[in-house]
Amino acid sequence: MEFNLRIGMEAEVEALVDENSTAAKFGSGGIEVYATPMMVGLMENAALTAVDKELGEEYSTVGINVNVNHIAATPVGMKVKALAKLVKIEGKKLYFEVEAYDEKKQIGKGRHTRYIVDSKKFLEKVKEL
């Protein structure tokens, strides 16, 4: 199993903050601002997107660690984007630097780790649980 992965691979993904992505709706707070779990999910999606096309159809990655700070609030109606950059490869373990921004400022930053799995074998193991 060889993959065409290299340090520096990156991706950017965007989303619109709507009522369904607020802390109040998600249950992670009581205020109508962009929810931290939604930001983390967007960051994970950016990391997945950065490497997914190089893995082939039978492999994917799963998130195994997230360490981020949500440093600023974003109101409903504003666009947000997350960026992920592959900074280290250790066997099947992939390390990313992640950042998030709204239309005016940086709203989050940190690190995220993903692990390469054989999708079919992974799902078979999950079904056995």
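The values are calculated or read from the model by the stated rules, or taken from the named source; none is laboratory data. Keep in mind that what you see is a predicted model, and the values were worked out from it rather than measured. Cβ atoms come from the backbone with ideal geometry, glycine included; neighbour counts cover every protein chain shown.
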Handout entry: Exclusive hit being surrounded by 14 or more Cβ atoms within 10 Å (Cβ to Cβ), part of a helix (DSSP H, G or I) and within 18 Å of the chain's Cα centre (by Cα), set Val98, Val51, Val66, Val80
Key = Val51
Handout entry: Any hit, the range 85-94, residues being out of contact with any strand residue (DSSP E or B) (no Cβ under 6 Å at 6 or more places or on another chain) and surrounded by fewer than 16 Cβ atoms within 10 Å (Cβ to Cβ)
Key = yes
Handout entry: Extreme residue, surrounded by the most Cβ atoms within 10 Å (Cβ to Cβ), among residues of the range 1-28 that are out of contact with any strand residue (DSSP E or B) (no Cβ under 8 Å at 6 or more places or on another chain) and under 16 Å from Leu55 (Cβ atoms)
Key = Asn4
Practice task
Show the residue pairs that are 6+ apart or on different chains and have beta-carbon atoms under 6 Å apart, the first residue being within the range 76-100 and under 16 Å from Val62 (Cα atoms) and β-branched (Val, Ile, Thr), the second being modelled with pLDDT of 95 or more and part of a strand (DSSP E or B).
Solution key: Val98/Ala84; Val98/Gly110; Val98/His112
Exercise for the section: Output the number of residues of the range 6-35 satisfying the condition of being over 12 Å from the mean Cα position of the chain (by Cα), within 18 Å of Ile107 (Cα to Cα) and of a type in the set (Val, Ile, Thr). Expected result: 4
Exercise for the section: Please list, ordered by first then second residue, the pairs with beta carbon atoms under 7 Å, 6 or more apart or interchain, first in the range 47-58 and closer than 8 Å to Ala11 by Cα, second acidic (Asp, Glu) and crowded, with 16+ Cβ neighbours inside 10 Å. Expected result: Ala50/Glu10
Exercise for the section: State all residues of the range 3-29 that are of a type in the set (Gly, Ala, Ser) and either assigned to a strand (DSSP E or B) or out of contact with any Lys or Arg (no Cβ under 8 Å at 6 or more places or on another chain) (or both); if no residue qualifies, say none. Expected result: Ala11, Ala15, Ser21, Ala23, Ala24, Gly27, Ser28, Gly29
